[in-house]
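Chemist: One structure is given below, represented as structure tokens, and several questions about it will come after.
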Number of protein chains: 4
Amino acid sequence: MRHEYALYVHKIPVGVLGASGYAGRELCALIQRHPRLTLAYATANSQRGETAQLPGGGSVTFVAADDVTLGHATLAFSALPHGASAEWVARAREDGVKVVDLSADLRIGNGSSDGIPYGLTEWNRQAVRGATLVANPGCYPTSALMAILPLLEQGLVADGATININAASGVTGAGLTARLDLLFGEVTENFRAYGVGNGHRHLKEMRAMVAAMPTDVDLIFTPHLLPVARGILSTITVPLRAPLSDPLAPFAARYANEPFIEVSPDLPELRHVQGRNVVRLTVRRLEGVRTPTIQVFSAIDNLMKGAAGQAMQNANLMLGLDETMGLPA
Amino acid sequence: MRHEYALYVHKIPVGVLGASGYAGRELCALIQRHPRLTLAYATANSQRGETAQLPGGGSVTFVAADDVTLGHATLAFSALPHGASAEWVARAREDGVKVVDLSADLRIGNGSSDGIPYGLTEWNRQAVRGATLVANPGCYPTSALMAILPLLEQGLVADGATININAASGVTGAGLTARLDLLFGEVTENFRAYGVGNGHRHLKEMRAMVAAMPTDVDLIFTPHLLPVARGILSTITVPLRAPLSDPLAPFAARYANEPFIEVSPDLPELRHVQGRNVVRLTVRRLEGVRTPTIQVFSAIDNLMKGAAGQAMQNANLMLGLDETMGLPA
Amino acid sequence: MRHEYALYVHKIPVGVLGASGYAGRELCALIQRHPRLTLAYATANSQRGETAQLPGGGSVTFVAADDVTLGHATLAFSALPHGASAEWVARAREDGVKVVDLSADLRIGNGSSDGIPYGLTEWNRQAVRGATLVANPGCYPTSALMAILPLLEQGLVADGATININAASGVTGAGLTARLDLLFGEVTENFRAYGVGNGHRHLKEMRAMVAAMPTDVDLIFTPHLLPVARGILSTITVPLRAPLSDPLAPFAARYANEPFIEVSPDLPELRHVQGRNVVRLTVRRLEGVRTPTIQVFSAIDNLMKGAAGQAMQNANLMLGLDETMGLPA
Amino acid sequence: MRHEYALYVHKIPVGVLGASGYAGRELCALIQRHPRLTLAYATANSQRGETAQLPGGGSVTFVAADDVTLGHATLAFSALPHGASAEWVARAREDGVKVVDLSADLRIGNGSSDGIPYGLTEWNRQAVRGATLVANPGCYPTSALMAILPLLEQGLVADGATININAASGVTGAGLTARLDLLFGEVTENFRAYGVGNGHRHLKEMRAMVAAMPTDVDLIFTPHLLPVARGILSTITVPLRAPLSDPLAPFAARYANEPFIEVSPDLPELRHVQGRNVVRLTVRRLEGVRTPTIQVFSAIDNLMKGAAGQAMQNANLMLGLDETMGLPA
């Protein structure tokens, strides 16, 4: 009976540009399981005509972007590489297509982001709801900002403090690209930092969001490459203005009604969040240091809440649908 | 005192052509630790001028092959890709350099192998000792032939039988090449067969060696890709002419004095052989089948006994050195 | 609207005995997402009162089996250990509860299976539909029998032939038990055979099913332990009565209308089936052997089609529900 | 000739108490390859009479501690569990045996360490050389202290600063113990922090060493569990008294003549150090923070420089041998 029912529901056509990578395939899979969306096109120039398996079953056949009428979709996700995305976003918009851009091209802190809502959904819901273009956040910033912003918003962080974000990500964060340093033989049984110092693009994104908060803080961000496929764990050290009797309280309050934020007393693990569009958070108070200090631990699936899942969350809002529709929480 | 002693020993210069891949680096590492060899050159055109870490410590700086006087080495290992190796082997020989070719170009069963000793050391020691050119066996054939040849040599296999070689290898067997299907994200938590049927180059090599044996048998060979970096395990089913009261005996007898063959009552595991130039074997008798049948289990490190280690074993013989010199057993 | 609809549907209470292991947790997760079932109880004596995370989100709190009124469930799954299950199955049946037993206690080939339907669903659907007790197949037998039975049923296998089943499983097949040889440090980068010869319990189960077929064949079964969490790949060599022009055809015909069997021209991989209640199959014809021979490749998720998923498939039938309900395909 | 030479060298008998764990086996392997040591006994009560494979080949048969005359060894390593070690250390010393204790029982910061040299070799060489008992450091402290102490010794750290040690370790750091949370199925594709806050025993050890330095600093230490077998990477953030023009210089100067400390401009990776008795270090200056700050990255093999290797380094000194003897660098 549920299937018959579904037959009479109008399905909204959506497209995926740059569908052959990890985030692109995840988007196709989410669309295929979404009760109200249908996949209008999935472009991948280098794999045109090829059929790929999708996570969780199903498959998709890629077409060349030039062979597609972009306007056949009501909304398009761009999972094109950084640098290549902006042009296609512009083309789609010219054809009247709403766009969620998963690339870094239009994100806050990257220069060309004026007026484009930054799709950290829980912090920008109203702007996203009315937008025709949304810049979807990076995976590391999603993990870190969800853990930092409640403290900054509530004025709990020491002024001038340095917030230290130590994060580790699975390899799919680097995309489906044939790099020698991402081969199994190079990653298994290994662990290393990378992009240390000022270099990682995601740091600008985080600093831009933090700059809008009342307290003036510095950020340190150190990403590491884990021998896992999916998931980011951020271990974030925050010097406080004053000790907190219940350090979970600021998070529990801020995220009380958020379906995709799990505030838990337990330390989050990657396996708690893999395949799910959630941020899982906890907080620990540190002893033996003279400055009152907490650590916030934040875990996400980099391809879900860190990319395709959050993009779908934003698309649901932009299309007037229930924000949670089609998303595994 | 040991170090002073070493100062007075003449070191033999050896070179490595195609040194930047997995087998090439392993060769460089073995040479650097070898008491009687010194590294004359390590070529890698695409990485000329770059310095790479070697397994177990140490490093090597690559040079372009065209910038090298091949004759400055007494012996050269070629770890160049299949197809590209034969030409450089010929050049080195013109300059009077002995060569161990780790590529498939000159191996038995591959057409151009006439008169070139096949360096399965334990089965071809005399030919290797006097050779100026040796074709080093493939990794799968080394693992399988060591397990099959004693049975065939001793006439224990049923005439017309089919020997079924089911093998699984770590990813370094595919070389240090930027292929999407070898990315960590594609290999972790995965397992798959490949090259099924008649297709794998190694099958020809095995059939050619088996054809020289008195019993006429068929071979089935099915390789699989493991989510591990190093190691091959072969599970080989052999129908016998008659039941064997002690199925280990043919192996214990044939390999009694071999320093690099471990015949054990226990099932071999990859971790028993990683980093070591050995083949580890055991045998199990199968019950409940009407044809008397055994299974032979054979484990090697594909980069050691399956490539660089066996190449060094052959080089030691060709240079008149102790066969075990510089090799971890 | 879909949610409102669900409110008015009667939910059937089902229980899980021995819920703290891998299969037990998977069952709890499947029940929680099932549109027509509700979890009546989840027992685990050693973890009574503890709350565990479930795969895919959600959680469950365990109770002691003695504190439960078994009859509060219409159907119970027993994921208790082999040996401990039979007693609780009997108790539940005395209380009028239908049972799917995931242990080996009542399976065909194990002595006490008289008249108890063997829940290899696609081969025993009618018996399962009317049953109040079903013995759920082992994971290896599910993978292998799905690949062998169509050939035997259609008389395609050579009489007296030996079918060679070479299989590799992820570690969750061994259960959530604190064994030293299952520690991460012992399994990572390793691969090994185990239970070789006649020893594995699953071989009896397979032989019993095969014995009911018209052709008289021998079975060889060699399990291996993979460094992956979930999944079984079986590589099965089958000598044929005569060559097959289209070796996929017997499978395509037999499984044409089966929602959980995927017959594909491509070699199956573990990642194609993880998290899904499917068997994925392909066939390759072997060249260069005098007996016409094929290899069948069969992949399943050992916790889904190999355990909890198939158990739910059977439960759906026993409860008069759609067989596919609540199952990810 | 080298082998004949070795025959005339006197070998010193050494024993291993608690030899069946990861560190114990590594010690046995190091002793078997050591040119001047011979294994007098290897005790493991629960595995008495059993033979275990050692890393890198070789094997050892365990005996019960009560069946051993401790005094048959000149020196004993205790790799017994924390709590159980102190008693056996005392017994061995009563029998005139020198002892390197790898447990935490007698380490600095743990209460009963008065006057017992802490075997962080590069920082305590003179005391170790003359000692009959040495407390071998923990793995995390070795990794972190090697990275911190040069900065503190040279007065470069801001007074009152908080040094943030974010570290990740492979599972062998937890020992060869049958814990559910260390099973392959629980660790693969996972990552998590543990022992957060004040709880980890290693923090006391680090604080005690740091307290002896001229600058007064706080330490934060957050360990994480990696899905790898061996290795620790520490990412350590240090606020400085003043900017450093060459942040590597303090390390290059302090460790210039140390054979087991590698100061490199490149970020260290676990694969650079696995199987080797080294600490590999680099430093990065952070931009965009108002306090001059550096990050030090430090990698070790937790079983080598973090346990058995450093223990052997200390034993060599205590026995009057060359410090590097028998150790892979």
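Chemist: Given 25 °C and 0.890 mPa s, compute D for region D:96-236 with the Stokes-Einstein relation, Rh being the Kirkwood radius over Cα pairs; round to the nearest whole µm²/s.
Modeler: The Stokes-Einstein estimate is 151 µm²/s.
Chemist: Hey, what did region B:139-302 get for relative contact order, percent, Cα under 8 Å, at least 6 apart?
Modeler: Reported as a whole number, the value is 32 percent.
Chemist: If you average the sequence gap of Cα pairs under 8 Å that are 6 or more apart and divide by the length of chain A, what percent do you get for the contact order?
Modeler: Worked out over chain A, it gives 18 percent.
Chemist: Then there is this: For region B:180-263, what is the accessible area per residue in Å², given a 1.4 Å probe and the full set of protein chains?
Modeler: 33 Å²
Chemist: If you take every residue apart from D:ASP246 with its C-beta less than 13 Å away from the C-beta of D:ASP246, what net charge results, scoring Lys and Arg +1 and Asp and Glu -1?
Modeler: My count for the surroundings of D:ASP246 gives +2.
Chemist: Could you name the lysines in cross-link range of A:LYS305, using Cα to Cα under 23 Å and dropping any fewer than eight places away on the same chain?
Modeler: A:LYS98, A:LYS204
Chemist: For A:LYS11, C:LYS305, C:LYS98, give the ranking by accessible area with the largest first, probe 1.4 Å.
Modeler: A:LYS11, C:LYS98, C:LYS305
Chemist: Which whole-Hz ³J(HN,Hα) couplings does region B:162-168 yield from phi under the Karplus relation 6.51 cos²θ - 1.76 cosθ + 1.60, θ = phi - 60°, glycine and proline marked x?
Modeler: So the Karplus estimates, Gly and Pro as x, are 9, 8, 9, 9, 9, 10, 9 Hz.
Chemist: Next question, about the same structure. Roughly how crowded by other chains is peptide D:205-218, in terms of the mean Cβ count from those chains within 10 Å of each of its Cβ atoms?
Modeler: Partner Cβ neighbours, averaged per residue: 1.
Chemist: Another one. Can you list, shortest first and in nm, the gaps between the label point of D:PRO81 and those of its counterparts in the other copies, using a point 7 Å from Cα in the C-beta direction?
Modeler: Between copies, matching label points for D:PRO81 lie 2.0, 5.3, 5.4 nm apart.
Chemist: In terms of modelled amide H atoms, which long-range or inter-chain residues lie less than 5 Å from the amide H of B:LEU183?
Modeler: The answer is A:PHE184.
Chemist: Return the calculated 222 nm mean residue ellipticity for chain B, to the nearest 500 deg cm²/dmol, obtained by summing -39500 (n - 2.57) across DSSP H runs with n ≥ 4 and dividing by the residue count.
Modeler: -7500 deg cm²/dmol
Chemist: Could you work out the equivalent-ellipsoid semi-axes for region C:78-165, taking the square root of 5 times each eigenvalue of the Cα gyration tensor, largest first, in whole Å?
Modeler: Square roots of five times the eigenvalues give 28, 14, 10 Å.
Chemist: Follow-up question, since we're still on this one. So what does the Cα-only Debye profile of region D:121-199 read at q = 0.11, 0.13, 0.21, 0.26 Å⁻¹, as log10 I(q)/I(0), no solvent term?
Modeler: -0.49, -0.65, -1.10, -1.32
Chemist: Can I ask one more? Apply 1/(1 + (r/R0)^6) to the Cβ-Cβ distance of C:ASP95 and C:THR324, taking R0 = 35 Å, and write down the FRET efficiency to the nearest 0.05.
Modeler: 0.75
Chemist: Same structure, new question: Across 5 Å bins from 0, what is the distribution of all Cα-Cα pair distances for region A:267-324, in whole percents?
Modeler: Going out from 0 Å in 5 Å bins, region A:267-324 shows 4, 19, 17, 15, 13, 11, 9, 6, 3, 1, 0 percent.
Chemist: How far is D:ARG125 from itself in the other copies, in nm, if each label sits 7 Å out from Cα along the Cα-Cβ line, shortest first?
Modeler: The projected label point of D:ARG125 is separated from its counterparts by 4.5, 6.4, 7.8 nm.
Chemist: Just how large is the dipole of region D:136-264 about the Cα centre, in debye to the nearest 20, putting +1 at every Lys and Arg Cβ and -1 at every Asp and Glu Cβ?
Modeler: For this selection, approximately 240 debye.
Chemist: Over region B:1-129, with a single point scatterer placed on each C-alpha, what log10 of the ratio I(q)/I(0) does the Debye formula yield at q = 0.10, 0.12, 0.21, 0.22 1/Å?
Modeler: Per q value, in the given order, log10 I(q)/I(0) is -0.33, -0.48, -1.28, -1.36.
Chemist: Calculate the tail of P(r) for chain A: the fraction of all Cα-Cα distances greater than 31 Å, expressed in %.
Modeler: The calculated P(r) of chain A puts 30 percent of pairs beyond 31 Å.
Chemist: Just to be sure I understand: with springs between alpha-carbon atoms less than 10 Å apart, which residue in B:GLN32, B:GLN126, B:GLN310 has the highest mean-square fluctuation in the Gaussian network model of chain B?
Modeler: Per the Cα network of chain B with a 10 Å cutoff, B:GLN126 tops the list.
Chemist: With θ set to phi - 60° and the Karplus curve 6.51 cos²θ - 1.76 cosθ + 1.60, what are the ³J(HN,Hα) couplings of region D:248-264 in order, to the nearest whole Hz, using x for Gly and Pro?
Modeler: Ordered by residue, 3J(HN,Hα) equals 6, 4, x, 7, 4, 5, 5, 10, 3, 10, 8, x, 10, 10, 10, 9, 10 Hz.
Chemist: Whole number please: convex hull volume per residue, Cα atoms of region D:219-276, in Å³.
Modeler: Taking only Cα atoms, region D:219-276 has a hull volume of 116 Å³ per residue.
Chemist: Share of antiparallel DSSP beta bridges in region A:36-169, in percent to the nearest 5?
Modeler: So the antiparallel bridges in region A:36-169 amount to around 25 percent.
Chemist: Rounded to the nearest 100 Å², what is the sum over both chains of accessible area buried where A meets D, with a probe of 1.4 Å?
Modeler: Accessible area lost upon association: around 3700 Å².
Chemist: Let me ask you something else. Could you please tell me the mean projected area of the C-alpha convex hull for region D:71-116, averaged over all directions and given in square nanometres to one decimal?
Modeler: Result: 3.0 nm².
Chemist: Within 10 Å of each Cβ in A:267-276, how many Cβ atoms from other chains are there, averaged over the peptide?
Modeler: 5
Chemist: Let me test this: with uniform point scatterers at the alpha carbons of the protein assembly as shown, what is the Debye-based log₁₀ I(q)/I(0) at q = 0.09 1/Å?
Modeler: -1.34
Chemist: In the full protein assembly as shown, how much of D:ASP67 is accessible to a 1.4 Å probe, in Å² to the nearest 10?
Modeler: 120 Å²
Chemist: Enter the accessible area of B:HIS10 (Å², nearest 10), with the probe set to 1.4 Å and all protein chains included.
Modeler: Answer for B:HIS10: close to 120 Å² accessible.
Chemist: For A:ASP66 and A:ALA212, calculate 0.36 nm times their separation in residues minus their Cα-Cα distance, and state this gained length in nm to one decimal.
Modeler: 48.6 nm
Chemist: For an R0 of 41 angstrom, estimate the FRET efficiency from the Cβ-Cβ distance between B:ALA84 and B:ALA127 and round to the nearest 0.05.
Modeler: Efficiency, from the Cβ-Cβ distance: 0.95.
Chemist: Probe radius 1.4 Å, ligands and nucleic acids ignored: give me the carbon and sulfur share of the accessible area of the protein assembly as shown as a rounded percent.
Modeler: 50 percent
Chemist: Nearest-5 percent of antiparallel DSSP beta bridges in region C:139-302?
Modeler: 70 percent
Chemist: If the cut-off is 18 Å between C-alpha atoms, which aspartates and glutamates fall inside it for C:LYS11, apart from same-chain ones fewer than 8 positions away?
Modeler: Cross-link targets: C:ASP322, C:GLU323.
Chemist: In the protein assembly as shown, what % of DSSP beta bridges are antiparallel (nearest 5)?
Modeler: Roughly 50 percent of the DSSP beta bridges within the protein assembly as shown come out antiparallel.
Chemist: Using the Cα atoms of region A:139-302 to build a convex hull, what is its mean projected area in square nanometres?
Modeler: It is 10.0 nm².
Chemist: Turning to a different aspect of this structure: At B:THR291 and C:GLU258, where each label point lies 7 Å from the Cα along Cα→Cβ, what is the point-to-point distance in nanometres?
Modeler: 2.7 nm
Chemist: Something else: Taking a probe of 1.4 angstrom, what is the accessible area of B:SER85 in Å², to the nearest 10?
Modeler: Approximately 0 Å² of B:SER85 is accessible to the 1.4 Å probe.
Chemist: Since chains B and C are linked by a rotation, which residue in B has the beta carbon closest to its axis, and how far is it in Å?
Modeler: B:ASN166, 2
Chemist: Which distances, in nm and shortest first, link the B:GLY58 label point to the same label point in every other copy, taking 7 Å along Cα→Cβ?
Modeler: In nanometres, ordered from closest: 2.0, 5.2, 5.6.
Chemist: Whose amide H sits under 5 Å from the amide H of A:ALA229, counting only residues 5 or more places off or on another chain, with H placed in the peptide plane?
Modeler: HN-HN under 5 Å from A:ALA229: A:VAL171.
Chemist: Across the residues of C:295-301, average count of Cβ atoms on other protein chains within 10 Å?
Modeler: Mean partner-chain Cβ count within 10 Å for C:295-301: 2.
Chemist: Relative to the compact-globule scaling 2.2 N^0.38 Å, provide the ratio for the alpha-carbon radius of gyration of region D:30-73.
Modeler: Output field value: 1.19.
Chemist: Then there is this: In terms of modelled amide H atoms, which long-range or inter-chain residues lie less than 5 Å from the amide H of C:ALA76?
Modeler: When sequence neighbours closer than 5 places are left aside, the close amide H contacts are C:GLY15, C:LYS98, C:VAL99, C:VAL100.
The values are calculated or read from the model by the stated rules, or taken from the named source; none is laboratory data. Since the structure is predicted, the reported quantities are computational estimates derived from the model, not experimental observations. When we count neighbours, we look across all protein chains shown, and the Cβ atoms used for this are built from the backbone with ideal geometry, even at glycine. Surface areas here come from the heavy atoms of the whole protein model, side chains and all, with no ligands, DNA or RNA. Shrake-Rupley method; radii C 1.70, N 1.55, O 1.52, S 1.80 Å.
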